[in-house]
Every structure is written in structure tokens, then in C-alpha cells.
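Each remark here refers to the structure printed beneath this line.
The values are calculated or read from the model by the stated rules, or taken from the named source; none is laboratory data. What you are looking at is a predicted structure, and each value in this text was computed from that prediction instead of being measured. Here the Cβ positions follow ideal geometry from the backbone for every residue, glycine too, while neighbour counts run over all protein chains shown.
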């Protein structure tokens, strides 16, 4: 019996993930999620008390997926500083180019959407996810012998997020290329 409940819960999370990703949090309703999952609204509420609780579960799942993506990115990155930067931003460009409906980072989009709700639990989850990415970058930069790796990781996060947002606004991949060039300049000045 537990396996069926787990499968249903996973279907709901997957349906909500897809709905939030496509339409955003505020434009997604529970009826649509239930329909996408092939269940009733009552079944959805048997698994999640509210849309906010469901969002927390979706973000936890998305964080797992993001960690898996970072591992794959890291596995493809060379150890040298310049190669690391080129690979990181090149893989970001590949992710953005892989789908005609690419819409950037789900965590970033969500926090922008919830900007007027600073105490919303989803913002804390997104903050932890972005901090984990920044720590991952700092560790990579330290291994590549980049000085001040935590500061440079913060710089790269800023360049990455800015490039994604501007790419969404303009539909132009060259923002990611510009971010990679800026990252190389920033890290070249502090290589050990």
C-alpha cells in the first residue's frame, strides 16, 4: 500500500513541478496540478495540506535534480582555471539552448515571483539551493587554485544569474558568452 501512496505523491510532485515551471507559481492552481497528475483535488490534499506545502516538496525535488546536474557539470569540467570557466559557462549555454522553451533557473524565477513575500518558506529553500551552488563553485575554484575562491564564486554566481536573466529578456545566448569572458578576467587576476 505504501508504494502506491509514494507513487501518487511522486506523480503530484512531478505534475506540480511541470506546472510551476511552465506557468509560474501564482498562475498555477491546484485543480490544474491534480488534472495533470490524473488524480482528484481531494487526493492531492490528502498528500499536501496546501499549495505552499506542495511547493516545498517540489523545491526539495528540484534541489535534488539541481545537485545531480551540478555533479554532471563538475564531471565534465577540466581542473585548470580557464578551462573550468569555459566549461561551466559553456554547459550553462548548452542547458539554455537545449530547449526552445528554456526559462532559466526555477529557483530564481520563483523568488522573483514571490519578491513581495520575504518570509515565504520557498524563498528560504531557494536561498539554501543557491548557497549550495555557490559553495560548490567555491570548492571547484579552490581546486583550480583560484585565489579568494569564495569571493570569486560569488562573482560567478552574479554573472551566471545575470546572464540567465538577460538571456531570457533578450533571447540572446551571447549574454552567457559575455559572462564567461568577464569570469575569465575576474579569475585571471587572482590565480595562484
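So, restricting to helices (runs of 4 or more DSSP H) that lie completely within the stretch 1-79, which ones have at least 2 residues that are under 20 Å from residue 125 (Cα atoms)? Before you say what the answer is, go through the steps one by one.
On the way: elements: 2-23, 30-37, 41-47, 51-76.
Here the list reads 2-23, 51-76.
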Result of the Cβ filter at 9 Å on the stretch 67-81, keeping first residues that are within 15 Å of residue 95 (Cα to Cα) and partners that are in a helix (DSSP H, G or I) and modelled with pLDDT under 85, at least 6 apart or interchain, is 69/95; 73/95
Flagged in the stretch 135-192 as free of Cβ contacts under 8 Å to residues at least 24 places away in the same chain and not in a helix (DSSP H, G or I), in numbering order, are 171, 172, 189
Per the filter on the stretch 48-62, residues under 18 Å from residue 136 (Cβ atoms) and buried (at least 19 other Cβ atoms within 10 Å of the Cβ) are 59, 62
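Can you tell me which residues in the stretch 37-88 are more than 27 Å from residue 128 (Cβ to Cβ), in contact with a helix residue (DSSP H, G or I) (Cβ under 8 Å, 6 or more places away or on another chain) and at pLDDT 90 or above? Let's see the steps before the verdict.
Residues of the stretch 37-88 that are more than 27 Å from residue 128 (Cβ to Cβ), as a first pass: 38-43, 46, 78-83, 86.
Filter once more, so that each one left must be in contact with a helix residue (DSSP H, G or I) (Cβ under 8 Å, 6 or more places away or on another chain): 38-41, 43, 78-79, 81-82, 86.
Answer for the stretch 37-88, where residues must be more than 27 Å from residue 128 (Cβ to Cβ), in contact with a helix residue (DSSP H, G or I) (Cβ under 8 Å, 6 or more places away or on another chain) and at pLDDT 90 or above: 38, 39, 40, 41, 43, 78, 86.
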Criterion first (surrounded by 17 or more Cβ atoms within 10 Å (Cβ to Cβ) and in a helix (DSSP H, G or I)) does residue 122 satisfy it?
yes
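May I ask you to list the residues in the stretch 80-111 that are within 16 Å of the chain's Cα centre (by Cα) and assigned to a loop (DSSP other than H, G, I, E, B)? Quick ask: steps written out before the conclusion?
Our first condition is that a residue be within 16 Å of the chain's Cα centre (by Cα); within the stretch 80-111, this holds for 88-89, 91-99, 101-111.
Once the filter is applied, which keeps residues that are within 16 Å of the chain's Cα centre (by Cα) and assigned to a loop (DSSP other than H, G, I, E, B), the stretch 80-111 yields 98, 99, 101, 102, 103, 104, 105.
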